[in-house]
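Down below is the structure, laid out as structure tokens.
Derivation of every value follows stated rules applied to the coordinates shown; laboratory data play no part. On a predicted model such as this, the values are computed, not experimentally measured, just so you know. Note that we place each Cβ from the backbone using ideal geometry, even for glycine, and neighbour counts take in every protein chain shown.
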Amino acid sequence: MLLGVNIDHVATLRNARGENEPSVIEAAKICINAGANGITTHLREDRRHIKDNDVYSLKKNLNCRLNLEMAATEEMQKIALDLLPDACCIVPERRQELTTEGGLDAFTNKEYLSNFVKPLLKAGIEVSLFITPDETQIKAAREIGAHFVELHTGAFSNAFSKNNEEFEFKRLYNAADLAHNLGLNVNAGHGLNYTNVHKMKEVPYLHELNIGHSIIAKSVFVGLDNAVKEMLKLI
Ligand code: PXP
């Protein structure tokens with residue numbers, strides 16, 4: 001299983017003072033040198049953490065896989081086609097949310113999303129849809145033509161912290177199995193941390209985990225290099 005480190009919150013910290021420290025590029029390099037398989041970053045419509053300059057700078061200065069999380073808007077499509085990241089993960093976005101709180105409704109927006117991802121696919125970008133682990137959404141993702149689904153692990157992570165994760169775990173398990181059988185590649189992420197991530201090893205066919213907050217939070221105490229290495233050991 002691969003690890004993509006989401007470095008958005010390095011930018012959150014940097015933006016707190018409106019200056020250049022800590023450097024997003026430096027952070028990404030440390031993650032990769034520690035063994036991470038790629039860098040994930042979410043350019044939000046409100047630019048609350050990662051800015052346009054950051055994604056261009058990451059693409060230019062890093063020799064590693066770059067996964068751009070973005071909303072399905074015309075503005076983001078234009079940026080993706082100009083930037084040409086290795087992968088785009090399409091996520092839903094609401095202005096007031098603290099983080100990406102739900103999955104994409106691929107089923108209801110099937111036609112819009114099919115048209116939206118076509119130019120990305122044509123440009124050779126790997127396309128992933130961030131969805132809840134749900135049969136309807138997985139089948140829709142397949143019809144839309146995505147290469148990957150990223151299963152939203154938020155509900156599992158919340159349930160895990162209450163010792164009540166069996167139901168949500170089973171949903172992830174079945175969803176991964178179905179997605180694989182339909183020919184989709186399967187990633188997962190959101191809310192994963194050093195305590196719950198071991199359960200992901202029991203979910204079949206998982207290709208990559210995208211983890212941000214817990215790694216950046218731990219890095220405050222042990223350093224980013226150690227935080228990434230510890231996570232890699234667990235997965
Ligand atoms: N995957 C996706 C699609 C996300 O939107 C996020 C949060 O930006 C993550 C993974 C990482 O979540 P966390 O920061 O909770 O590890």
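Counted by Cβ distance under 15 Å from A141, the other residues give a net charge of -4, where Lys and Arg count +1 and Asp and Glu count -1.
Pairs to check: K29/K233; K122/K201; K29/K51; K162/K201; K51/K122. Give those whose C-alpha atoms are more than 23 Å from each other in this structure.
Details: K29/K233 19 Å; K122/K201 33 Å; K29/K51 18 Å; K162/K201 20 Å; K51/K122 25 Å.
From K29/K233; K122/K201; K29/K51; K162/K201; K51/K122, over 23 Å: K122/K201; K51/K122.
For A71, the shell of other residues with beta-carbons less than 9 Å away shows a net charge of -3, using +1 for Lys and Arg and -1 for Asp and Glu.
Charge tally around P119: other residues with Cβ under 13 Å, Lys/Arg +1 each, Asp/Glu -1 each, net +1. Per residue, the average separation of C-alpha pairs within less than 8 Å and at least 6 apart gives the range 99-222 a relative contact order of 21 percent.
Projecting label points 7 angstrom from Cα along Cα→Cβ for E21 and E111 puts them 5.4 nm apart. With label points built 7 Å along Cα→Cβ from the Cα atoms of F167 and S57, find their separation and express it in nm. Between F167 and S57, the label points sit 4.5 nm apart.
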